[in-house]
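Just so it is clear, none of the values below were taken in a lab; they were calculated from the coordinates. Computed from a predicted structure; not experimentally measured. Note that each Cβ is placed from the backbone with ideal geometry, even for glycine, and that neighbours are counted across all protein chains shown.
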Amino acid sequence: MTAAITAAHQAQINAKPAQIVLLDTREKIGAKILMSGGTRCNVTNREVKPSDFGGGSSHFIRHILKAFSPEATIEFFKKIGVELVLEPSGKFFPKTNSAQTVLDALLHETKQLGVSLKTGVRVTKLTKENNLFYLENADHTFNLSSHAVILTTGGLSYPATGSDGTGYSLAKGFGHTLIATYPALTPLLTGERDWQRLSGIALEVALSFFKNDKKIREYQDSFLFTHFGFSGPAALDISRHWAASDPKDKPQIVANFLPGQSALSVKEHFQIIQTKNQNRLIRNILTEDLKLPGRFVEVILRKAKIKPDQTIGKCPNEERQVLSRLLFHYPLEVRGVYGYQKAEVTAGGIDLSEVKFQTMASKLTDGLYFAGEILDVDGRIGGFNFQWAWSTGTVAGRSAVNSLK
Ligand SMILES: Cc1cc2nc3c(=O)[nH]c(=O)nc-3n(C[C@H](O)[C@H](O)[C@H](O)COP(=O)(O)OP(=O)(O)OC[C@H]3O[C@@H](n4cnc5c(N)ncnc54)[C@H](O)[C@@H]3O)c2cc1C
């Protein structure tokens, strides 16, 4: 939609009439916008840097973010009637708190600019002959020719929304390389029954990803126990590292359940309590002073082999040390990731090295452009994936129209 809007707008600026057609498999376009950000749509972030993304070249990403920045995104949405509000986390959401506002504004703008929207069309064939592209669906009930094509078919996540990977085959038909894909921003699976039983409990954690005992990345955010494993932003962010890892590299995810504290500060706190009230229960110190959820505390005490009625006065040092280790350095038993059905984004995709960063044009075929998640770029939680889609869509839409003779 951003690509189509920019293309139509650029055609007006250039005073060169161009017919812009927006095709989509689904009858209703923009499914992912509606489900995004808990149906509030996290449109962008206060600060977006190449290090917020995985996949292709940082240089490429930096250029694209400069060409169409988060500030430009905020301005663009303001112009089309969507006021964005900054939250303390750095995330921008529409003032209405409704993703529908974002989708409605984009659809309204496409209509205003004369973009022809054709839904229910799944393009399965894309060829080029004598400077014209030919697009067709599987049962030949639809065909179209055009001077330029922008492929914005997304990745493989939530395939029911329409992003089923057909776009990759269309790109491969022009010689483009597909960098191996895997689900990212997807929940983690565990077989640990104790954790599964905590389904619904959320807390702030810091998750670290280790490879061969070396810490590679850490994410601090909220974390949710589910009946199959772990979800919430911290788990989703770390999932791409797990999904991409080779078992030979001994991947490990370690949880710190008290990210705002240190082992030393907790040890000192226990000592102070002990001098004041020997009979205070360890359980109550964890829930009342350290604000850990009650059901979580029951599990962690069981794992530390500390009785539920253990008092601070009678808790030996060895037990305290075990408890501290479990709270600050708990190696999660992870069996894998949930997969594309619940992945907010697809890692991998069309190789950026075959795309021109100045224009989003294919280096292999004149007139072919790319934008969005189809490319080998995936962002972390926080509005980064949409920013990538808006930025690349804008650059591609503008360049595609400027390239028309
Ligand atoms: C649950 C969920 C929550 C999310 N929340 C956020 C968030 O808050 N903030 C954020 O930044 N990101 C979020 N994301 C990620 C974000 O939605 C995507 O990265 C973004 O939508 C990618 O945009 P896109 O246009 O490249 O692809 P998509 O949004 O996937 O759109 C691709 C479109 O192409 C169509 N299509 C595919 N193949 C064909 C074909 N052959 N012919 C015709 N049409 C085709 C599909 O029907 C689809 O409409 C979320 C994702 C999910 C799943």
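Remarks
- Sorted ascending by nearby beta carbons within 10 Å, beginning with the fewest, 85, 377 become 85, 377.
- Rg ratio for the chain: its Cα radius of gyration over 2.2 N^0.38 Å, N being its residue count, equals 1.16.
- Here, segment 1-65 yields an orientationally averaged convex hull projection of 6.9 nm² when only Cα atoms define the hull.
- Using a simple spin-label model with pseudo-atoms 7 Å out from Cα toward Cβ, residue 289 and residue 136 lie 7.4 nm apart.
- Cα-based reach from residue 79 at 21 Å (exclusive), listing lysines while leaving out same-chain residues under 8 positions away: 66, 91, 95, 111
- Calculated Rg and Dmax of segment 187-338 using C-alpha coordinates, Å: 15.9, 50
- Principal semi-axes in Å for segment 19-177 [√(5λ), Cα gyration tensor, largest first]: 30, 20, 16
- Residue-count net charge about residue 176 - beta-carbon cut-off 10 Å; Lys, Arg +1, Asp, Glu -1: 0
- Computed on the Cα atoms alone, the convex hull of segment 35-110 gives a volume of 108 cubic angstrom per residue.
- Those aspartates and glutamates that a straight Cα-Cα span of less than 19 Å connects to residue 32, excepting residues fewer than 8 apart in one chain: 24, 104, 109, 164, 237, 344, 373, 376, 378
- The chymotrypsin sites (Phe, Trp or Tyr not before Pro) of segment 350-405 include none that meets both criteria, a DSSP state outside H, G, I, E and B (loop) and at most 12 other C-beta atoms within 10 angstrom of the site's C-beta.
- Stretchable slack from residue 87 to residue 307, in nm (0.36 nm times residue separation minus alpha-carbon distance): 75.0 nm
- Fewest-first ranking of 351, 378, using other Cβ atoms within 10 Å as the exposure measure: 351, 378
- Largest mean-square fluctuation among 50, 187, 247, in a Gaussian network model of the chain whose springs join Cα atoms under 10 Å apart, belongs to 247.
- Between the beta carbons of residue 113 and residue 244, assuming R0 = 51 Å, the FRET efficiency works out to 0.80 to the nearest 0.05.
- Potential extension, residue 75-residue 356 segment - 0.36 nm per residue separation minus Cα distance: 98.6 nm
- Local electrostatic count at residue 223 - Lys and Arg +1, Asp and Glu -1, tallied over other residues with Cβ under 12 Å: -3
- 13 Å Cα-Cα reach of residue 307 towards aspartates and glutamates, excluding residues that sit fewer than 8 places from it in its own chain: 298, 319
- Residues 123, 43, 21, arranged from fewest to most other Cβ atoms within 10 angstrom of their Cβ, appear as 21, 123, 43.
- Were the residues from residue 129 through residue 58 laid out at 0.36 nm apart, the gain over their Cα-Cα distance would be 22.1 nm.
- Computed E for residue 402/residue 262 - FRET, C-beta separation, R0 41 angstrom, nearest 0.05: 0.15
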